[in-house]
Each structure stands twice: as C-alpha cells, then as structure tokens.
Amino acid sequence: FVLFQTVRHGFPYLPTALAFDPVQKILAIGTRTGAIRILGRPGVDCYCQHESGAAVLQLQFLINEGALVSASADDALHLWNLRQKRPAILHSLKFNRERITYCHLPFQSKWLYVGTERGNTHIVNIESFILSGYVIMWNKAIELSTKTHPGPVVHLSDSPRDEGKLLIGYENGTVVLWDLRSKRADLRAYYDEAIHSVAWHHEGKQFMCSHSDGSLTLWNLKSPNRPFQTTIPHGKIQRDGKKPESCKPILKVEYKTCKNSEPFVVFSGGLSYDKACRRPSLTIMHGKAITVLEMDHPIVDFLTLCETPYPNEFQEPYAVVVLLEKDLIVVDLTQSNFPIFENPYPIDIHESPVTCTEYFADCPPDLIPVLYSVGAKHKKQGYSNKEWPISGGAWNLGAQTYPEIIITGHADGSVKFWDASAITLQMLYKLKTSKVFEKQKLGEGKATAEIVEEDPFAVQMMYWCPESRIFCVAGVSAYVVVYRFSKHEVNTEIASLEVRLQYEVEDIITPEPEIIPPFPDASSQLPSLKSLSGSTNTVSCEGTMKDSIPCLSVKTRPVRMPPGYQADLIIQLVWVDGDPPQQITSLAVNSAYGLVAFGNCNGLAVVDFMQKTVLLSMGTLDLYGSSDPYQRQPRSPRKSKQFAADNFCMRGLSNFYPDLTKRIRTSYQS
C-alpha cells in the first residue's frame with residue numbers, strides 16, 4: 001500500500017516568477033518555497049520542487065523545446081526536462097562568488113546570459129550547461145561613462161535585429177549595448193533615475209526604459225545622449241510648465257508593436273503618490289488611450305502574450321497574463337474594453353479559507369450533472385468570449401473512471417462541491433450557509449449573543465449522503481443546518497429548533513411527575529425546551545444573564561431559495577444560565593430514518609428532521625453515569641393517554657415508554 005501525490009489543487013503559495021512558452025502555450029509559475037507549477041489547457045497541471053527549497057527568482061522556457069531554466073535565490077541555475085511525465089532536473093550550475101539578479105535566454109539561442117549583483121554578465125552554454133568563460137565585466141562595459149559602480153544588472157536582452165548585440169541595463173540608470181563579437185560597447189546611455197526594466201521595439205532601432213520616479217523613457221540607438229521621449233503616464237502636469245510630478249516606480253514595462261494599430265505599452269506600478277489607498281494596478285497604453293486595471297492583490301509579474309515568438313516581427317499582442325500574489329488573471333487585449341478571460345483552473349479554492357473537507361468516491365453517476373446544472377457557473381457575465389489562451393499540453397484522464405466529489409467548507413460559511421474525477425478540480429456548485437441567518441448588525445455593541453466574532457458562519461463539519469442527497473453542516477456558532485436538494489425554486493419560512501445542552505452536577509431531585517407540563521404541540525417549534533438535567537429555566541433579567549437564546553438569529557420572514565440545496569431545518573444550541581453553548585464536536589445523520597445526532601462537550605442531542613422535533617437531549621453525566629437514567633420496561637403502546645417525559649421525546653415515542661415519567665432522578669457527583 002503506497003501513498004503518492006497525484007496533483008496539487010489551488011493557487012501556488014507565495015508566487016515569485018512567471019514564464020510562458022508562446023509556441024507550446026504553457027505557463028510556468030515559480031514560488032518562494034522553490035516550487036514550480038506548470039499549467040497548460042485545463043487538466044494539464046504539473047508540480048515540481050527544487051530540493052534546496054530556495055525561492056525561484058526567474059523562469060525561462062527553451063521555447064518549443066520542452067525545457068525550462070530556473071534561477072533560484074541560492075544562486076543556482078537548473079535546467080528542467082519537461083518531455084517526461086514528471087519533470088526532472090537535467091543539469092544544475094551553482095554560482096559561488098556572485099549573486100544572480102537577472103537571466104535572459106534568446107529564442108533559439110544556445111547561450112544563456114546571466115547578470116549578477118556585482119554588475120557582471122556571464123554566459124552559459126545551454127547544451128552542456130557550463131560557463132563559457134566569456135564574462136562582460138561591469139568596468140569594461142561602462143568604462144568612464146559614470147564614475148561609480150553602476151549597481152546590479154537589472155536587465156539583459158538581445159537586439160531584435162542582431163543577436164550578437166546584448167543590451168545590459170544597470171540599476172543606477174546606465175544602459176550599455178554590448179557587441180559580443182568585438183567585445184566592446186557599441187552604445188552607452190545614462191539617465192539619472194534608477195532603471196527597473198527595459199523593452200525593445202521589434203525593429204531594434206529604439207528601446208524603452210521604466211524608472212523609479214514613475215517615468216518611461218524612449219531611446220534611439222542613433223542618439224544615445226538623451227531620451228527622445230520622456231513621459232510620466234500618471235504624473236499630474238504642473239501649472240508652471242515644470243515637468244510632471246514624480247510617481248511610484250514603474251516596476252516593469254513591455255513595449256509591443258501591432259501591424260494595423262498603435263503599439264501597446266503595458267506596465268505595472270507608476271501610480272501617483274497622492275492616491276495612497278489605490279489598489280495595485282496594471283496600466284495599458286494604446287495610442288492616446290490609457291486604461292488602468294485595478295487588481296485585488298499585489299502584482300508579482302506580468303507577461304504580454306504575442307502571436308509570434310520571433311522578436312524582430314510585429315509582435316501582435318493578444319493577451320496579458322498577470323500573476324498576483326493570490327490569483328492569476330488573463331486580460332484580453334483584442335477587445336477595446338479589455339475584458340478578462342474566465343479562469344478554468346480551480347485557483348479560487350481558498351477564496352475564503354478552507355475550514356473542512358470531505359471526499360466521496362463512487363457517487364451516483366447522475367449526481368455531477370445534477371449539481372452542475374444548478375451551479376452558478378452559467379450566470380457569469382463580462383468575461384471575454386475567446387478561448388483561454390494557455391492551451392498547451394495534452395492530458396489523459398488517468399485510470400479513474402468513477403465519479404469523485406470533494407466538498408470544501410469555508411470560513412465565510414460557503415460550501416463548494418468540486419468534481420474531482422479528472423486531474424483538475426471543477427467547481428460544480430456553491431452553497432452559502434450564512435443565507436439562513438440575519439446579518440449581524442455592527443452597531444449593537446456587546447449586546448449580541450455571538451460566541452465567535454471573526455467568522456461566525458465558519459463551517460466546522462459536513463455530512464453528505466450522495467444517495468438521498470441530504471446535506472448537513474455544523475457551524476462554529478453551535479448550530480446544525482439540514483439541507484434537502486430540490487430542482488425547483490421555493491419561497492418558504494425556515495423551520496428552526498432550539499436545543500439546550502447543559503453540563504451540570506446537582507443535588508436537587510426533580511419535581512414530582514404530576515407537575516411536568518404536557519408536551520407542547522409540535523407545530524409550535526418547541527419554544528421552551530427544558531434542560532435535560534432537570535433544572536428549571538432561569539428567567540434572565542434584561543441584559544444581565546443570557547439564557548435560552550441562540551448565538552445567531554434565523555430569518556423569520558419567508559426566504560426565496562433557488563434550485564439546489566435548500567435549508568430544511570436549523571437546530572441551534574442556546575445559552576444556558578449565562579454560559580454560551582459549546583461548539584459542536586461530532587455530527588451523524590441517518591437519512592433513511594430522518595435523524596440527525598450531534599454532540600459537544602456537554603452532551604448529545606438527537607433530532608427527527610422529518611417531524612422537526614427533538615427526540616433526545618442528554619448531558620454527558622447522564623450518558624456516562626453508572627446507572628441508566630431511563631429505565632425502560634417493554635409494554636404495549638397505549639393509544640389513549642399522552643405522556644410527556646421531561647419534554648425530551650416526541651409524542652409518538654412517549655406512548656411506548658410511559659415509565660419515563662416516573663423515573664427518579666439520582667444525583668451524580670462529577
């Protein structure tokens with residue numbers, strides 16, 4: 001019996017790097033823990049891990065060759081072979097004296113350029129994966145253009161016109177075009193703001209730099225003395241004609257040309273400082289139009305996807321892949337309003353943190369289509385109508401042919417049903433369990449009966465019977481909700497029960513049987529369930545002691561329930577003598593008999609969810625006492641008399657056990 005990991009679901013944890021193969025159409029994401037996730041068409045999903053666990057700094061595909069280079073924070077380079085089922089490292093190369101800051105592998109080249117913190121550039125042969133011995137030393141590259149050290153290498157790229165010319169960008173603002181054949185600099189440009197990234201025009205006559213003051217500079221190779229265009233896209237124009245005010249750094253820029261329209265300039269960062277609360281943004285400049293796309297999470301990296309892998313052709317960009325700290329977004333550039341593509345990967349598993357999971361195999365075959373048909377998948381608007389562009393790889397269904405379902409419960413009270421039969425998870429249906437309760441009003445202060453402040457609806461336990469489709473959740477605020485499945489919308493009031501579970505040690509013998517009130521009518525929803533241990537309810541003075549009130553209030557008005565899972569019954573544990581109810585620790589359901597049982601550290605309750613009645617609620621002491629508190633002699637049921645036993649059992653059962661009313665309560669010591 002061997003356990004092995006088949007697939008990792010969800011979003012890569014703490015992503016750091018991004019790469020795309022434009023021919024094979026596959027995407028790679030590196031993370032701070034040294035993991036690499038490779039994604040293709042939905043279902044193509046592969047996970048590999050650097051043994052060192054060092055963060056991935058950069059990823060570069062050997063385009064269309066089924067290989068990938070990774071640079072990691074421990075100053076090592078690795079060549080991964082992707083042509084096998086489980087990618088593996090073919091070669092590794094460790095730098096001992098220098099720290100790697102930037103790598104560049106030109107299309108169809110056998111030379112990998114590696115820039116370092118000291119400002120030097122090394123060249124690695126990609127086939128043998130050893131250093132070629134050719135080093136571009138920083139002092140040779142800049143010569144006398146600046147008097148001080150230019151800082152680390154922040155950019156390397158080959159000229160689109162001539163692969164023998166390498167453009168090197170240094171942090172302090174120096175750019176050098178190095179001729180690899182003659183081993184000398186063709187051009188040196190200097191700008192007095194730090195450089196973050198550089199991008200070529202496809203003709204190779206001009207390039208664009210992004211800077212730490214939020215500016216973009218455009219340079220012509222013929223006149224390297226100063227940029228022929230400087231813009232601060234988000235800077236406010238000053239009144240007295242001075243240059244616009246500086247903005248936040250533009251961390252990365254891409255400059256992509258189109259045959260039939262203006263070029264696209266895409267960049268991250270660069271917003272003005274006065275908008276402190278602005279969300280992280282990606283800016284798309286197309287001609288005179290500037291579009292700012294606000295993101296929900298910080299941007300880690302982005303890549304513009306183009307029709308051609310060749311750098312010297314019109315690039316024709318069609319999409320931008322944006323890697324965020326907790327999401328992956330692809331923007332469609334072919335439509336003027338830049339819609340995003342609907343993401344087919346199950347990246348939003350932890351949209352709200354997962355608090356519990358259940359796994360089901362061999363489900364009835366009609367279940368997945370039924371759940372999918374009531375799921376909310378079909379109602380999404382505003383997405384691009386094009387196919388998801390990361391469409392590479394081939395996937396096989398694997399050996400499983402049986403349907404598998406995974407259910408996740410979340411901190412916000414939502415429950416998601418996922419089809420896990422294939423490699424990827426596919427969301428079938430989402431249920432919001434918090435919908436049955438009134439929203440908490442913030443203004444009430446401490447007067448509420450809540451026991452959890454952060455996530456009062458967090459799902460703690462789930463029970464699902466795939467055959468009867470009965471679904472049951474236990475929430476952190478000491479409640480259980482029973483759901484039934486229906487294909488039809490209903491508008492109905494939600495039935496609710498309150499149960500008192502109390503742990504107590506008493507020396508009082510309960511009152512004589514005569515004074516026990518008759519069992520209340522089942523339709524009144526048992527408002528006054530007495531504690532099982534025989535204490536009388538203490539009537540609380542207003543605002544002093546909380547008693548017999550649940551933690552959350554159920555909606556009293558009729559509620560519209562869409563097709564799918566509809567709440568059938570809510571069972572809530574109530575406060576007892578100023579003590580809050582304890583969280584439910586175990587849950588069992590029998591859908592054939594219509595029973596739900598649940599317990600906590602104080603006791604156990606059994607509820608009939610068909611008749612919506614509490615059958616049994618017992619304290620832990622009664623359950624584990626040496627004598628059975630409920631002595632039962634079998635006798636024939638009498639139809640005439642109605643008995644009530646401590647309000648704990650339903651009318652039908654009390655016919656069978658009239659002796660219960662005569663029981664003597666013995667006192668127990670803890």
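Every condition in (1) within 27 Å of the chain's Cα centre (by Cα); (2) assigned to a loop (DSSP other than H, G, I, E, B) holds for residue 1 except the one numbered (1).
Given the condition closer than 19 Å to residue 256 by Cα and at pLDDT below 90, answer yes or no: does some residue in the range 314-337 qualify? Yes, there is a match, as at least one residue in the range 314-337 is closer than 19 Å to residue 256 by Cα and at pLDDT below 90. Residues of the range 24-46 that are open to solvent by 50 Å² or more (accessible area, probe 1.4 Å) and modelled with pLDDT of 90 or more: 24, 25, 32, 33.
Within the range 52-68, being touching a Cys at 6+ places or on another chain (Cβ under 7 Å) and under 18 Å from residue 128 (Cα atoms) holds for one residue alone: 60.
If you check residue 238 against the conditions, is it over 24 Å from residue 120 (Cα atoms) and in contact with a strand residue (DSSP E or B) (Cβ under 6 Å, 6 or more places away or on another chain)?
Here the answer is no, as residue 238 does not meet what is asked.
Only residues that are farther than 21 Å from residue 209 by Cβ and either touching a Ser or Thr at 6+ places or on another chain (Cβ under 9 Å) or open to solvent by less than 30 Å² (accessible area, probe 1.4 Å) (or both) were counted across the range 265-291, and they come to 4.
Kindly indicate whether any position in the range 560-581 is open to solvent by 70 Å² or more (accessible area, probe 1.4 Å), of a type in the set (D, E, K, R) and modelled with pLDDT of 90 or more. Full working, then the answer.
Residues of the range 560-581 open to solvent by 70 Å² or more (accessible area, probe 1.4 Å): 560, 579.
Narrowing further to those that are of a type in the set (D, E, K, R): 560, 579.
Remaining after also requiring modelled with pLDDT of 90 or more: 560.
Yes, the range 560-581 contains at least one residue that is open to solvent by 70 Å² or more (accessible area, probe 1.4 Å), of a type in the set (D, E, K, R) and modelled with pLDDT of 90 or more.
Residue under question is residue 302, and the condition is that it be over 28 Å from residue 409 (Cα atoms) and open to solvent by less than 10 Å² (accessible area, probe 1.4 Å); does it hold? Full working, then the answer.
Numbers: over 28 Å from residue 409 (Cα atoms): yes; open to solvent by less than 10 Å² (accessible area, probe 1.4 Å): yes.
When the stated conditions are applied, residue 302 passes them.
Among the residues of the range 157-176, those that are free of Cβ contacts under 8 Å to residues at least 60 places away in the same chain, open to solvent by 10 Å² or more (accessible area, probe 1.4 Å) and touching a Ser or Thr at 6+ places or on another chain (Cβ under 9 Å) comprise 163, 165, 171, 172.
From the list 195, 232, the lone residue that is at pLDDT 90 or above, more than 25 Å from residue 119 (Cα to Cα), among the hydrophobic types (A, V, I, L, M, F, W, C) and surrounded by 15 or more Cβ atoms within 10 Å (Cβ to Cβ) is 232. Considered as a group, the residues in the range 283-316 that are within 30 Å of the chain's Cα centre (by Cα) and hydroxyl-bearing (Ser, Thr, Tyr) include one that is farthest from residue 59 (Cα to Cα), and that residue is 291.
Considering only the range 325-344, state which residues are hydrophobic (A, V, I, L, M, F, W, C) and surrounded by fewer than 19 Cβ atoms within 10 Å (Cβ to Cβ).
338, 340
The lone criterion from (1) part of a loop (DSSP other than H, G, I, E, B); (2) closer than 15 Å to residue 477 by Cα left unmet by residue 571 is number (1).
The values are calculated or read from the model by the stated rules, or taken from the named source; none is laboratory data. Here the structure is a predicted model, which is why all the values come from computation and not from measurement. Quick reminder, even Gly has a Cβ in these numbers, built from the backbone with ideal geometry, and neighbours come from all protein chains shown. Note: accessible area is taken over every heavy atom of the protein model, side chains too, but ligands, DNA and RNA are not part of it. Shrake-Rupley method; radii C 1.70, N 1.55, O 1.52, S 1.80 Å.
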